[in-house]
Each structure stands twice: as C-alpha cells, then as structure tokens.
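The structure appears below as structure tokens.
Every number here is computed from the coordinates shown, using simple stated rules; none is lab data. As the structure is a prediction and not an experimental result, all values here were calculated from the model. Here the Cβ positions follow ideal geometry from the backbone for every residue, glycine too, while neighbour counts run over all protein chains shown.
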Amino acid sequence: MKNKIIILLFLLSFPSVFYVILTTGKHNFIHLPFYGEKLAPAKGKDTIYYTVPPFSFVNQDGNNITDKTYDGKIYVADYFYTENKSICPRMAAELLRVQDKFAYTNGTVQLLSLTSKPENDSVPVLKRYADMVHADTKTWTFVTGDKKQLVDLAQNGYLLPLFKEQGTSADLMGSDFFILVDKEKHIRGIYHGTNIKEVNNLLDDIKVLIAEYYIKETKNKKSPSL
C-alpha cells in the first residue's frame, strides 16, 4: 500500500513524465521537430539546429528583457497589439490556458508576447493590458521596443508569417501563431493561436519537452563521472 501511494505521488508531481509514459512505448519516445535551417554535422559531431537570435526589449514593468532572460526556460512567443479587438483577445485567452496549465513548473515554462504596434503599446499600456488579461507577470511577459527590430525578429527570428490586416495602416502587421521555443533557443513548434485543437497540441508538446528534459537530466545524474 505504501509503495502504491509513493508511485501515485510521483505521477502527480510530474504530470509531463506521466503523459509521455502513457503516449509512448518502451522504444518509441516522442521527439518534436526542429524548425529552421540546420547545419550538416561534421564527422563525429552533432547536427547544429537553428536558434532564435539575440534580442533586447522592454517589458510591462520597464525592465530590460533579452534572449538571455529565457536561458534554461521553455517559452511560447506570440505577436499581438493591445488595440486589436478580434484575434488578439482570443489568443490571450488561449495563452491564459497555457499559463494556468503549467503554473506547477514554477517558471520553467514562460510566455513572451511581443507587440507589433510599439508606437501605441508603451510600457504603461502593456501594464494595463497584462492586468486586463489576468497575466501572471512572473511567467507571462509583454514587451515593446523598436518597430524594425520587433518585425525583424518576427520574420527572421521566429520565422513567423506576418500579415497586413485589412482596414489598418499599411505598415501594421500581425500574426495569429504561437511559437514554441526550447531551453536551447530551438523552435520546436508553430501553432495557430486561435485554434483550440492546435493549442491543445501545443499543451501536449510542452509536456513532451518537459519530460524530455527531465529524462535527460535524470540520465546525466546516473552517469558516472569521468
């Protein structure tokens, strides 16, 4: 009886590991794809996968946020702007689901919302928006900055297909995608942020990543030091 209780507590403590155990066989571990161009490995070397380039912006509290902020973190990035009343509120609702689902990770899973309209979305505006969508800003960050840098990061960093929205100024671009980035800054998934089924896939893929890191860290601890 005592052993059963211990096993139950373990599974409840590590739901992502439990998920992988249920959805894979002994020799069929789920692996997420890598997005972006990759370099062919030299002889005896591992493949070098595409990584999101460095960036630096300002968040809703006026603090500097860079790519290094997410060292050792799994995070979901998206582009939005606070004046949007159609797509962005739906995406925010889905991100709230992600936030709540992975609250147990104590910050290992993060959310990064970048504005596509920095000329309007100042620090105080982002702060009010974060409050409005019930964001826990310990794990969900909203950033603004230079427009050119934001757009360049979207297109050439996160590989997002930005679009010009009808009835808006010609230079205003948006995106309805979520980007899943792993701890090494590799893009591991792209999902439509307004599609519940695709966001469910995102939730599952985050679980896979968490389990993947847990298993890797467990193996490293067991490996004898040289």
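Rounded to the nearest whole Hz, the Karplus-based 3J(HN,Hα) values (6.51 cos²θ - 1.76 cosθ + 1.60, θ = phi - 60°) of region 108-120 follow the sequence 5, 9, 10, 10, 10, 9, 9, 6, 9, 9, x, 5, 10, with x at glycine and proline.
The translational diffusion coefficient of region 56-214, from Stokes-Einstein at 4 °C and 1.567 mPa s with a Kirkwood hydrodynamic radius over alpha carbon pairs, comes to 83 µm²/s. For the cross-link pairs Lys127/Lys197; Lys45/Lys101; Lys73/Lys147; Lys148/Lys197; Lys147/Lys197, the ones whose C-alpha atoms lie over 27 Å apart are Lys127/Lys197; Lys45/Lys101; Lys148/Lys197; Lys147/Lys197. Aspartates and glutamates near Lys138 by alpha-carbon distance under 14 Å, same-chain residues fewer than 8 away left out - which ones? Within reach: Asp61, Asp100.
Backbone phi angles across region 122-127, fed through the Karplus curve with coefficients 6.51, -1.76 and 1.60 (θ = phi - 60°), yield HN-Hα couplings of 6, 4, x, 5, 5, 4 Hz in residue order; Gly and Pro are listed as x. A Förster distance of 22 Å, applied to the separation of the beta-carbon atoms of Asp204 and Ser56, puts the FRET efficiency at 0.10.
In terms of other Cβ atoms within 10 Å, Ile190, Ile215 run from fewest to most in the order Ile215, Ile190.
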